[in-house]
1. Report the residue, chosen from Arg86, Arg305, Arg381, that carries the largest GNM mean-square fluctuation when the chain is represented by alpha-carbon nodes joined by springs under 10 Å.
2. Using 0.36 nm times the number of residues separating Asn127 and Met238, minus their current alpha carbon distance, what extension gain do you get?
3. If r is the Cβ-Cβ distance from Arg113 to Arg6 and R0 is 30 Å, what FRET efficiency results, to the nearest 0.05?
4. Relative contact order (percent) for the chain, with alpha-carbon contacts under 8 angstrom and 6 or more residues of separation?
5. Can you compute the modelled spin-label distance between Ser357 and Ala382, with each label point 7 Å from Cα toward Cβ, in nm?
6. Charges only on Cβ, +1 for Lys and Arg, -1 for Asp and Glu: so what's the dipole of the chain about the Cα centre, in debye to the nearest 20?
7. Would you mind counting up the charge near Gln184? Only other residues with Cβ under 13 Å from its Cβ, with Lys and Arg at +1 and Asp and Glu at -1.
8. Compute, for the stretch 177-247, the length of the dipole vector about the Cα centre, with Cβ point charges of +1 (Lys, Arg) and -1 (Asp, Glu) only. Units Debye, rounded to 20.
Amino acid sequence: MNGGHRISKTAEAAVIGGGPAGLVSALALTAAGIDTLIIASPRQEDFRTTAFLAGSVTALTTLGVWESCRSHAAPLAAIRIIDDTRRLWRAPEVHFAAAEVGLDSFGHNIENRYLIAALQDRAAKLNIARIGAPALSVVPDRDEVSVRFANGGVRARLVVGADGQHSLCRAAAGIGSHRYTYPQAALTLNLTQARGHHDTATEFHTETGPFTLVPLPGRRSSLVCVLDPQRAAHAAAMADAELANELERRAHSLIGQMSVEPGRGMFPLVVETARSVAGNRIALVGEAAHVIPPIGAQGLNLGLRDAATLAEIMADARRRGLDIGSPAVLACYERQRRADVTGRKIAVDLLNRSLLSDFLPVHGARALSLFLVDRIGPLRRALMREGVSPAASQPRLMRGEML
Ligand SMILES: Cc1cc2nc3c(=O)[nH]c(=O)nc-3n(C[C@H](O)[C@H](O)[C@H](O)COP(=O)(O)OP(=O)(O)OC[C@H]3O[C@@H](n4cnc5c(N)ncnc54)[C@H](O)[C@@H]3O)c2cc1C
């Protein structure tokens, strides 16, 4: 899109950020009939994977994206939680099987690079205009928002802030946030393995945080290994063979010998919540609105529910002839996202802190909760259903309906 000449455009909605939350927002808004463009900085390589729960897969299918993702994604037919702490009160191993709630799988795991490529292809097919440069300023006014980039500007009635952590859009909307960095970092990589994974994700709970293996197609898995920052840096600096041995030891040889693929990532563990998800003609989606630690695959699933809910509200506003950036319409978005975002954040934060805590009763409570989940079938099934289709948020796209 960027030539040498200056660009001056108007659109009904401008999405800022070309990560997964931004791209899905742009596709969903376009599906809602809203004239949308994307302003996106070039992305850094991302070797991570995303475990999508069933509702997210349904939304991507409805938006015409999943077809290109399918062959790169592995189903998650079961999830196993193993207490690998060496503490006095340890929980039993808990096994969640999708078949128990009548599903083939809880969702699918896909490498982010394939996901982003599929989303970008779909956006290009739908002729969604893309400015490939960072937004330098975002200035909301009474009737529209002005966004400036190096060689031009855009005016829109609504800006979707999908610009991740340290969001320029959130600052422009005047929305504060609460941020806490845990004494933990996640080492991420993908690996090939000697034994099959049987479509089962395994989360070992250790004293430094979870060690999670999630299936990829074939004999491959993605790993998220949460450690204290020094140990994470030490592990990240190991040679491939040494690291593979260390990881096999941590995985109790569950999937046999491993071989580490190129592309390691390191992410400090953070929880951050914006005080509001919308204001001043700016709606926040994805990590611009909430960052949670990578436990139980919640982060981007929440981001997709933001995007799906926002597009649904905008489609309804459009049908009623309302201004899509008006305070009343944005207040509706705020109301519909609050419970889901707060609920997930509290659950993930509690689970993470219970692992780090040295306080014996906390270990007892965690062990007891997992014991009850293991023994009481209806409780386990209710948890699985809540995981797959959260009661607090069921936007149309996630039920397979168009906007
Ligand atoms: C180790 C790890 C594992 C995870 N695993 C899972 C999982 O299994 N399942 C799950 O649901 N979630 C998972 N998550 C969470 C998930 O990765 C995030 O929720 C997701 O990446 C957030 O996407 P986003 O689009 O909001 O932000 P980002 O991916 O950060 O994208 C924001 C984009 O905006 C761009 N940008 C920033 N500023 C500007 C600007 N001024 N102008 C234009 N563009 C700008 C950036 O360049 C970037 O490309 C995991 C997270 C981590 C750390």
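The values are calculated or read from the model by the stated rules, or taken from the named source; none is laboratory data. The model shown is predicted, which means the values in this text are computed figures rather than measured ones. Positions of Cβ are generated from backbone atoms using ideal geometry, with glycine treated the same way; all protein chains shown enter the neighbour counts. Surface accessibility is based on the protein's heavy atoms, side chains included, excluding ligands, DNA and RNA. Shrake-Rupley method; radii C 1.70, N 1.55, O 1.52, S 1.80 Å.
1. Most flexible of the set in this elastic network: Arg86.
2. Contour length minus Cα-Cα distance gives 35.5 nm.
3. My answer for the efficiency is 0.35.
4. 22
5. In this crude spin-label approximation the distance works out to 2.2 nm.
6. The calculated dipole for the chain is roughly 620 debye.
7. So the environment of Gln184 carries a net charge of -1.
8. Its charge dipole is roughly 180 debye.
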